[in-house]
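The numbers here are math on the coordinates, done by the rules we state, and not lab data. Note that the structure is a prediction, hence the values are computed from the model and not measured. Because the Cβ atoms are built from the backbone with ideal geometry, glycine has one as well, and the counts that use them run over all protein chains shown.
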Amino acid sequence: MSAAARTFWWTLTLAAVVGASGCSTYSHRVNGIRDSFYRNDLAGAEQQVRAGIERDSGDADVLRLEEAMICLANNRPAEAEKLLRAVRDNFDHLEQADLAESAMSYLTDDQRRAYAGEDYERVLVRALLALSNLLHDGSDAEAYSLQTIDKQEQIIAAGKDDKGQNPKQNYQRVALAPYLRGVLREASHHDYDDARRSFETVAAWQPEFAFAKHDVERAVYGRHSERGHGVLYVFALTGRGPHKEEAIEVPSSAALLIAGEILSATGKQSVPPNIAPVKVPRVVARRHDIQEIGVRVDGHDLGRTATITNVTNLAINQYDAIREQIVARAVARRIVKKGIVYGAKEASEMVKGTPASFAVDLAGVAWEATESADTRCWGLLPDQIQVLRVELPAGRHEIELAPVIRGATVRNAPSRRFTIADGDNTYLLAVFPSDRMVGQIAASRP
Amino acid sequence: MRDRVSRAAAGSIVVLMVAMAILGCRGNQYARIIQPGDKQMMGSHQAGQETFAPLVDEAVAKLLARHPHQQIPVQYAGTGAEPLPPPKSSICFVGIENCTAEEIGDFKAQLYELIDSKIAECDSFTSVNRRWVDAGLKELRVKPEELFIPGRMQTFIDVMQKQGQPFQYLLFAKLTSGTTRENKDYQRDYLLTLELVDIRTGAQDKQSATLSKGYHHSWTSRARSTLGSK
């Protein structure tokens, strides 16, 4: 094969790989879904999710997570549970390493890897499974809450590297999981020791959760409820959760630029100049004003919800712990690409500074420029998961949920009727991404 | 020469990619039925079936052995010659309290069922169905340990009688642990205590079973420990 033909084939190969690389990020693709959801256009959001799944099966799992949130907001907890269960199983499968896929991601970008969920998402998918289940039959809620606790420990244990270091050791834990377990054990009326243990865990994992102290005291000295009474748990998904956006890793880009220039000046071949910056995802909090939800039952103010899990803090805390690994992978990818271009030139006996060498460098720059950060994430998660426990007489009641913004309660609060059963729990769930509720209030006992 | 090198390089890449595709793929999860007598799994970080099953076997056997099937004079029903079996005493098993350093998770319900089944299998006792026990505790809003408060036990007995579930004994189970550390390794002693209370006399019988388990940070540490114990 002549040198010209080899150059042609190498350039063509690079162009093919460039074509296979990602262009737009997930974050851009799902903006419409989020906008519709926050506008309370749940039907529109759901339609876009389904269209997205049909268009790109690679994003199907993360889109199903969005669909589950839409179902939950729309008072369809059984459907939400089904979707979440499927994603949980897929994530469990995908979190195993796949060398071929990993190698491919070094030639393209991280979006080519099947999405196995971030650590916090893998835990929260189980926590939301428990919540979804509580809202329709509750038969598996305890199993899901145990799975949530177990998954957190598995993720942390698996974070240990060969040197014995574990960046995940200080991961913030999801206190919602032991809380749900405590709630369910307490409702058994005999396993108060388990309830106490679970509430103590909540107090340790989420010290800001003021109700934990009362929960522990009740499990030790009190009882589930007075005779003729039951308990209402109001869960509120408040605010807008974290999302990922593409960020430029400036120090790594600068270092690679200098290294590339040195290699080009001293080596037998030039490498593509590091014009395209190294891109990595960044977890970003979203602003919102909602603080808590005021709960009013039968015309009486009964209190305000408190945060049991701060999803944004959880995501940022966990991302910070593993950020160095993500940056290292992005830098390694860039080095691999430059190495391939260098090797291609060597193999086709190009002479440095010739038009053919320049053409391959240009193709290399284009190849690097098509990299995008992997911004896939569960975008409809709330900023916080909040809860309020109130004891009420058995029977029918009416509840109003009023968001509290800068200390003031918003008027025109949504309401619904529900039933309290003697000695049992009733669960309500509402989604407040802003001062307006999305969908409807879901209740385990209408 | 150069072509040979190129072909060798291309061949190596192909072999490498095929190897990655075969060896590096995600595996499926598999399962198997563990038959009686097969090697059982052992909890590496906390107690599992290897701990709880023998504890339950021993504690329940000890307790039931002290309350053998009572020999009562043979009775005859009507004119028939068939002897009537002596009535079994009814036990109300109110629950297990976990006071160990470990969260036992889904094992608690299973421990309850294991103990309850063993009681049901013996000749001396029969047990009250758990659903009735739960309903009684729920109706009174009383915790199992509060049944010892004067008056509470009688109220509970009355409620159970009203449900058509009278009983003669109350049974409590308690799981405790003690931990001894030796550098990075530790030994945990598990104790299952069963307390049987005769509600007519207030007399109490208490039986327990113990099992010690060593947790080692490495296989070498476990091997050293195993050799040292021989």
#### Entry: Inter-site label distance for A:Asp422 and B:Ile34 at 7 Å from Cα along Cβ, in nm
4.4 nm
### Query
Remind me, what semi-axes does the stretch A:265-321 give for its equivalent ellipsoid, largest first in whole Å, using sqrt of 5 times each Cα gyration tensor eigenvalue?
53, 11, 5
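Work out how much length B:Gln49 to B:Ser90 would gain on full extension: take 0.36 nm times their residue separation and subtract the Cα-Cα distance, in nm to one decimal.
On the way: separation 41, 0.36 × 41 = 14.76 nm, distance 2.79 nm.
Extending this stretch completely gives an extra 12.0 nm.
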## Note on the structure
Amide H contacts under 5 Å for A:Arg416, restricted to residues at least 5 apart in sequence or on another chain and with H modeled in the peptide plane, are A:Ile399
### Query
Taking H as built 1.01 Å from N, whose amide H comes closer than 5 Å to the amide H of B:Val142, not counting residues under 5 places away?
none
## Note on the structure
Ranking A:Val125, A:Leu381, A:Ser444 by how far each Cα lies towards the positive end of the charge dipole of chain A (+1 on Lys and Arg Cβ, -1 on Asp and Glu Cβ), the top one is A:Leu381
#### Entry: Where labels lie 7 Å past Cα in the beta-carbon direction, separation of A:Ile322 and A:Ala43 in nm
3.9 nm
### Summary
Applied in sequence order to the stretch A:33-38, the curve 6.51 cos²θ - 1.76 cosθ + 1.60 (Karplus, θ = phi - 60°) yields integer Hz couplings, x standing for Gly and Pro, of 4, 5, 4, 4, 4, 5
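Round to the nearest 0.05 the FRET efficiency obtained for A:Ala332 and A:Arg287 when R0 = 45 Å and r is the Cβ-Cβ distance. Show your work: numbers first, answer last.
Details: r = 35 Å, r/R0 = 0.77.
It comes out at approximately 0.85.
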### Query
Using alpha-carbon pairs under 8 Å, 6+ residues apart, how would you state the relative contact order of the stretch B:82-230 in percent?
23 percent
### Task
Measure nothing fancy, just the Cα-based angle from helix A:60-73's long axis to the longest principal axis of chain A, in degrees from 0 to 90, nearest 10.
20 degrees
### Over chain A, relative contact order from alpha-carbon pairs under 8 Å, at least 6 apart, %
24 percent
### Message
I'd like the distance between the alpha-carbon centres of the stretch A:388-442 and the stretch B:139-203, rounded to an integer number of Å.
### Response
38 Å
#### Entry: Computed lengthening from A:Asn166 to A:Ala359, 0.36 nm per intervening residue step minus Cα-Cα distance
65.0 nm
### Summary
For the stretch A:239-398, the percent of all C-alpha pairs falling in each 5 Å bin, from 0 up to the bin holding the max distance, is 2, 8, 13, 13, 10, 9, 8, 7, 6, 5, 4, 4, 3, 3, 2, 2, 1, 0
#### Entry: Cα-projected label distance for A:Ala114 with A:Glu54, points at 7 Å along beta-carbon direction, nm
2.4 nm
### Summary
Per the charge dipole of the stretch A:22-88 (beta-carbon charges, Lys/Arg positive, Asp/Glu negative, Cα centre), the residue among A:Gln48, A:Asn74, A:Phe37 reaching farthest to the positive end is A:Asn74
### Message
Can you find, among A:Ser357, B:Thr155, B:Ile96, the residue sitting farthest towards the positive end of the charge dipole of the protein assembly as shown, where Lys and Arg contribute +1 and Asp and Glu -1 at Cβ?
### Response
A:Ser357
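Quick check for me: using +1 on Lys/Arg Cβ and -1 on Asp/Glu Cβ, what's the dipole size of the stretch A:348-399 about its Cα centre, in debye to the nearest 20?
Numbers: 4 positive and 8 negative charges, 46 e Å.
Approximately 220 debye in magnitude.
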### Query
Could you give the angle, 0 to 90 degrees to the nearest 10, between helix A:119-134's Cα long axis and the longest principal axis of the Cα atoms of chain A?
30 degrees
## Note on the structure
Ordered by fewest other Cβ atoms within 10 Å, a rough proxy for footprinting exposure, A:Tyr221, A:Tyr38 read A:Tyr221, A:Tyr38
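Taking R0 as 35 Å, what FRET efficiency do you get between A:Arg227 and A:Gln440 from their Cβ-Cβ distance, rounded to the nearest 0.05?
Details: r = 32 Å, r/R0 = 0.93.
E between A:Arg227 and A:Gln440, to the nearest 0.05, is 0.60.
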## Note on the structure
Semi-axes (Å, rounded, descending) of the ellipsoid equivalent to chain A per its C-alpha gyration tensor are 51, 22, 18
### Message
Quick check for me: using +1 on Lys/Arg Cβ and -1 on Asp/Glu Cβ, what's the dipole size of the protein assembly as shown about its Cα centre, in debye to the nearest 20?
### Response
1220 debye
### Task
Could you list which residues have their amide H under 5 Å from that of B:Ser90, counting only those 5 or more apart in sequence or on another chain, with H placed in the peptide plane?
B:Thr126, B:Gln168, B:Tyr169
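Could you tell me the calculated FRET efficiency between A:Asn313 and A:Ala158, based on Cβ-Cβ distance and R0 = 30 angstrom, to the nearest 0.05?
The formula returns an efficiency of 0.85 here.
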